[in-house]
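There's a structure below that I have some questions on.
The values are calculated or read from the model by the stated rules, or taken from the named source; none is laboratory data. Because the structure is predicted, anything quoted here is derived from the model rather than measured. Quick reminder, even Gly has a Cβ in these numbers, built from the backbone with ideal geometry, and neighbours come from all protein chains shown.
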Amino acid sequence: MAKRVLIVDDHEPFRAVARELLEDAGYVVSGEAADAAGALAAVAVEAPDAVLLDVQLPDRDGFSVATALAVPGGPAVVLISSREAEDYGRRVEASGARGFIPKSRLSAAAFTALVE
Amino acid sequence: MSSTVVISPETRNVLRDPVLLVPAIVGAGLAIGWLGADTGVSGTRVAADLALAWALMAASLVALERTRWRRSRALLAAAAFVLLAADLQWASSHALWTLGFLLEALWVALLVQVVLTFPEGRPWSRVAWVATVGAYAATLGGQLVGALVLTDSRDVLSVAPYETVAEAVDRVQGLLGIAVALALLFLLVRRLLVLRGAARRAQAPLLVAAGLTVPATVLWLVWVSANGDDAPTLETVDRAVALLVPLGVVAGIFSSRLRRREASDLVVELRAEGAASLRERLARVLGDPTLEVAYRLDDGRYVDAAGEPLELPQDPNRTVTLVRVRGEEVAALVHDPALLDEPALVESVRATAGLVLENERLAAEVRAQLAEVRASRGRIVAAADAERRRIERNLHDGAQQRLVTLSLTLGLAASRNDAARSDVLSRALDEVEEAIVELRELARGIHPTLLREEGLEAAVEALARRTPLPVTVERSVGDRLSDPVELAAYFVVSEALTNVVKHASASKATVRLDREADMLRVVVEDDGVGGARAAADSGLAGLRDRLEALDAKLVIASDAGRGTTVLAEIPCGS
């Protein structure tokens with residue numbers, strides 16, 4: 001079944017390639033946001049099944065957005081970053097996100113493995 | 001006697017300088033002696049008055065060396081005068097007799113005031129003020145009221161001579177006197193218990209002496225109220241006991257002078273011993289445990305012996321005495337103002353300790369400069385760290401971000417095109433991924449993000465995991481440490497592990513992080529070939545500024561064949 005995904009990243013070219021990757025695998029990208037405020041607003045309006053969420057956003061960090069979204073019935077959140085998970089220690093775990101994918105290894109398969 | 005004393009113009013004032021009263025008191029004494037002899041008063045009685053008056057005068061003169069005791073000196077001199085003036089009762093003139101009667105006991109009140117306002121002329125407390133007023137009421141006031149009702153024919157002030165009223169006045173006077181005496185005793189004991197140091201040394205003899213006169217005075221007052229006051233023998237005893245007061249004043253001054261001699265004996269000791277306890281020794285010599293020594297730097301600032309900056313106090317309860325050597329201020333002694341009572345003591349210490357203080361000042365100056373250098377090195381390291389952090393962030397958010405997007409794009413393209421093109425794209429993709437890895441390592445070496453996020457233990461464990469041989473981490477750091485300490489410890493481990501991998505041919509390594517109180521101990525050991533040295537161009541040598549800014553120590557033990565141990569001790573007190 002086609003899942004609806006929101007992509008949150010402040011780098012527009014990255015959002016474009018991520019959208020193609022996910023759409024190739026059958027996901028429906030319901031929207032895109034460039035910052036934390038936009039992400040929370042889009043989740044409220046579009047109610048996506050999953051969120052691909054960059055850690056480094058211009059207004060707040062992705063961990064706090066993930067924590068805000070980790071409520072019953074909320075979307076599955078997958079954190080991404082140009083850094084390694086190791087650089088963040090226990091913060092990934094503590095955020096309530098489903099998991100973490102370094103951007104350089106982002107693929108639809110890796111994403112599916114975390115949200116399914 | 002007075003002609004031998006040189007008086008400077010600004011002190012030519014009777015209240016300031018009892019010396020001017022000497023001829024008068026000697027003359028008055030001789031006149032009283034003649035009066036007494038003329039009226040058949042016993043020689044012992046006359047001698048007692050003269051002895052006490054001259055002793056009071058002498059005490060006042062000895063106290064001239066104490067500039068702060070001006071009022072006490074004037075009171076002592078006044079008491080001597082009033083004591084002799086009371087002997088006008090021996091004169092045949094009724095007017096003079098009445099004047100003598102009025103002044104009969106006033107000297108006692110003056111001495112009470114001397115004691116309760118000693119040494120600076122200000123009452124010790126409100127109770128002391130009340131007791132002093134009580135003493136005047138009992139002596140001057142009592143005699144004045146008594147004179148109004150006295151039945152004695154010589155009394156020119158008598159307006160209503162009633163025997164019973166006069167007796168009642170006497171009794172009230174006696175009771176008031178006893179109350180004042182007991183209050184005095186209470187105040188004396190309390191003061192003795194709180195005084196310390198120089199003030200105690202100078203004042204205790206008078207306080208004890210005054211305390212001893214109290215029982216005698218009370219007995220005398222009790223006896224007088226029972227038997228009337230016409231008892232020349234008792235008056236003689238009373239004056240003899242009162243001699244304790246001038247003796248106490250003089251004894252206090254001499255005990256301070258003894259102290260001064262002790263001070264000059266300590267010159268040799270002051271010069272011989274090391275500087276660490278100079279403050280303690282000066283404090284002991286001056287008898288002021290609160291003494292502080294502030295060394296003056298060339299730029300006018302003051303520092304303590306360790307070179308730490310110090311402000312001279314504006315507090316009225318602290319006094320600052322400047323020490324000059326060859327006209328140049330080298331130090332300031334911050335002390336209890338009571339030491340001003342012993343200017344000669346302070347002066348002798350100032351003179352003898354001057355050179356030692358001068359040496360100490362130079363040492364303190366060097367320490368202050370070292371502290372300054374260390375602080376400035378710390379600021380330089382901190383500025384460099386901030387810059388590294390900025391570069392690391394820029395690498396990630398700029399170049400890394402773009403490379404990552406590029407690699408994903410290439411991957412996407414490779415999956416969608418024909419085989420030949422796909423192959424070219426795959427090779428481009430490999431190159432990009434390689435660049436990403438290298439860039440990540442570069443950024444990590446510039447500034448470890450995890451250290452900032454999660455602290456030293458987590459960052460060191462990540463380092464250990466990335467090291468291509470087994471590394472055991474034992475850690476007990478606890479709370480987060482300051483940024484410079486964490487960075488220094490991290491870089492020590494990072495450089496040491498890099499060396500292990502590059503040079504040691506080791507099979508394993510151990511990293512230990514121990515925090516004990518204010519010291520972080522970092523140990524990196526391996527089982528390799530040893531023989532390592534901290535070459536000037538090695539990574540560890542490059543940490544020198546960083547470590548010295550923190551006053552940290554780095555030791556490398558590396559005997560050939562016995563592995564290498566790198567030990568860093570980093571002070572981490574808050």
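Keeping to segment A:37-52, report how many residues are surrounded by fewer than 23 Cβ atoms within 10 Å (Cβ to Cβ) and in a strand (DSSP E or B).
0
Just a yes or no: is a residue in segment B:523-542 among the hydroxyl-bearing types (Ser, Thr, Tyr), in a loop (DSSP other than H, G, I, E, B) and touching a strand residue (DSSP E or B) at 6+ places or on another chain (Cβ under 6 Å)?
no
It is to be established whether one or more residues within segment B:49-64 are under 38 Å from the mean Cα position of the chain (by Cα), farther than 29 Å from B:THR233 by Cβ and modelled with pLDDT under 75.
No, because not a single residue in segment B:49-64 is under 38 Å from the mean Cα position of the chain (by Cα), farther than 29 Å from B:THR233 by Cβ and modelled with pLDDT under 75.
Quick check on segment B:499-512. Is at least one of its residues closer than 19 Å to B:ALA549 by Cβ, hydroxyl-bearing (Ser, Thr, Tyr) and either touching a residue at least 24 places away in the same chain (Cβ under 8 Å) or surrounded by 14 or more Cβ atoms within 10 Å (Cβ to Cβ) (or both)? Give the derivation first.
Residues of segment B:499-512 that are closer than 19 Å to B:ALA549 by Cβ, as a first pass: none.
Checked against the condition, which is being closer than 19 Å to B:ALA549 by Cβ, hydroxyl-bearing (Ser, Thr, Tyr) and either touching a residue at least 24 places away in the same chain (Cβ under 8 Å) or surrounded by 14 or more Cβ atoms within 10 Å (Cβ to Cβ) (or both), segment B:499-512 yields no hits at all.
What number of residues within segment B:436-450 are at the interface with chain A (Cβ under 10 Å from one of its Cβ atoms), surrounded by 15 or more Cβ atoms within 10 Å (Cβ to Cβ) and in a helix (DSSP H, G or I)? Before you say what the answer is, go through the steps one by one.
First, the residues of segment B:436-450 that are at the interface with chain A (Cβ under 10 Å from one of its Cβ atoms): B:436-437, B:439-440, B:443-444, B:448-450.
From what's left, surrounded by 15 or more Cβ atoms within 10 Å (Cβ to Cβ): B:436, B:439-440, B:443-444, B:448-450.
Pick out the ones that are also in a helix (DSSP H, G or I) and you get B:436, B:439-440, B:443-444, B:449-450.
Qualifying residue count, segment B:436-450: 7.
While we're here: Determine which member of the set A:GLY96, A:GLY89 is away from chain B (no Cβ under 12 Å), surrounded by 15 or more Cβ atoms within 10 Å (Cβ to Cβ) and within 30 Å of B:HIS447 (Cα to Cα).
Values: A:GLY89 fails: away from chain B (no Cβ under 12 Å).
Residue meeting the stated conditions: A:GLY96.
Now a separate question. One residue is enough: does segment B:459-477 have a residue meeting the conditions modelled with pLDDT of 85 or more, basic (Lys, Arg), over 26 Å from A:ASP54 (Cα atoms) and surrounded by fewer than 19 Cβ atoms within 10 Å (Cβ to Cβ)?
Among the residues of segment B:459-477, at least one is modelled with pLDDT of 85 or more, basic (Lys, Arg), over 26 Å from A:ASP54 (Cα atoms) and surrounded by fewer than 19 Cβ atoms within 10 Å (Cβ to Cβ), which makes the answer yes.
Which residues, taken from segment B:108-138, are closer than 23 Å to B:LEU84 by Cβ and either among the charged types (D, E, K, R) or in contact with a Gly (Cβ under 7 Å, 6 or more places away or on another chain) (or both)?
Once the filter is applied, which keeps residues that are closer than 23 Å to B:LEU84 by Cβ and either among the charged types (D, E, K, R) or in contact with a Gly (Cβ under 7 Å, 6 or more places away or on another chain) (or both), segment B:108-138 yields only B:ALA138.
Given the residues B:ARG402, B:ARG444, B:ARG389, which is the only one that is touching a Lys or Arg at 6+ places or on another chain (Cβ under 9 Å) and at pLDDT 85 or above? Working first, answer last.
Numbers: B:ARG402 fails: touching a Lys or Arg at 6+ places or on another chain (Cβ under 9 Å); B:ARG444 fails: at pLDDT 85 or above.
Testing whether each residue is touching a Lys or Arg at 6+ places or on another chain (Cβ under 9 Å) and at pLDDT 85 or above leaves just B:ARG389.
Hey, another quick one. Just the residues that are among the hydroxyl-bearing types (Ser, Thr, Tyr) and touching a residue at least 40 places away in the same chain (Cβ under 8 Å), please, taken from segment B:457-493.
So the first thing to find is which residues in segment B:457-493 are among the hydroxyl-bearing types (Ser, Thr, Tyr), and the list is B:467, B:472, B:476, B:482, B:490.
Passing the criteria: B:THR467, B:SER482, B:TYR490.
When the residues of segment B:92-138 are narrowed to those that are among the polar types (S, T, N, Q) and in contact with a Leu (Cβ under 8 Å, 6 or more places away or on another chain), which ends up nearest to B:ILE253 (Cα to Cα)? Full working, then the answer.
Filtering segment B:92-138 down to residues among the polar types (S, T, N, Q) leaves B:92-93, B:98, B:113, B:117, B:125, B:132.
Still in the list and also in contact with a Leu (Cβ under 8 Å, 6 or more places away or on another chain): B:98, B:113, B:117, B:125, B:132.
Values: B:THR98: 38, B:GLN113: 19, B:THR117: 17, B:SER125: 24, B:THR132: 24 Å.
It comes out as B:THR117.
Each row is one residue, and each column tells you yes or no for (1) in contact with a helix residue (DSSP H, G or I) (Cβ under 6 Å, 6 or more places away or on another chain); (2) of a type in the set (A, V, I, L, M, F, W, C); (3) in the same structural domain as B:VAL293 (by TED's automatic domain parsing).
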position: B:GLU365; (1), (2), (3): no, no, yes
position: B:ALA384; (1), (2), (3): no, yes, no
position: B:GLU392; (1), (2), (3): yes, no, no
position: B:ASP397; (1), (2), (3): no, no, no
position: B:LEU406; (1), (2), (3): yes, yes, no
position: B:LEU429; (1), (2), (3): yes, yes, no
position: B:GLU434; (1), (2), (3): no, no, no
position: B:GLY445; (1), (2), (3): no, no, no
position: B:PRO448; (1), (2), (3): yes, no, no
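Okay, moving on. Restricting attention to segment A:1-36, which residues are assigned to a helix (DSSP H, G or I) and either touching a helix residue (DSSP H, G or I) at 6+ places or on another chain (Cβ under 8 Å) or away from chain B (no Cβ under 14 Å) (or both)?
Taking segment A:1-36 first, the residues assigned to a helix (DSSP H, G or I) are A:12-24, A:36.
The answer is A:PRO13, A:PHE14, A:VAL17, A:ALA18, A:GLU20, A:LEU21, A:LEU22, A:ASP24, A:ALA36.
From the list B:GLU454, B:GLU392, B:GLU433, which residue is charged (D, E, K, R), within 8 Å of chain A (Cβ to nearest Cβ) and in contact (Cβ under 8 Å) with a residue 12 or more places away in the chain? I'd like the intermediate steps shown before the answer.
Details: B:GLU454 fails: in contact (Cβ under 8 Å) with a residue 12 or more places away in the chain; B:GLU392 fails: within 8 Å of chain A (Cβ to nearest Cβ).
Going through B:GLU454, B:GLU392, B:GLU433 in turn, just one is charged (D, E, K, R), within 8 Å of chain A (Cβ to nearest Cβ) and in contact (Cβ under 8 Å) with a residue 12 or more places away in the chain: B:GLU433.
Hey, among the residues in segment A:53-86 that are in a helix (DSSP H, G or I), within 14 Å of another protein chain (Cβ to nearest Cβ) and in contact with a strand residue (DSSP E or B) (Cβ under 7 Å, 6 or more places away or on another chain), which one's nearest to B:GLU392 (Cα to Cα)?
It comes out as A:ALA85.
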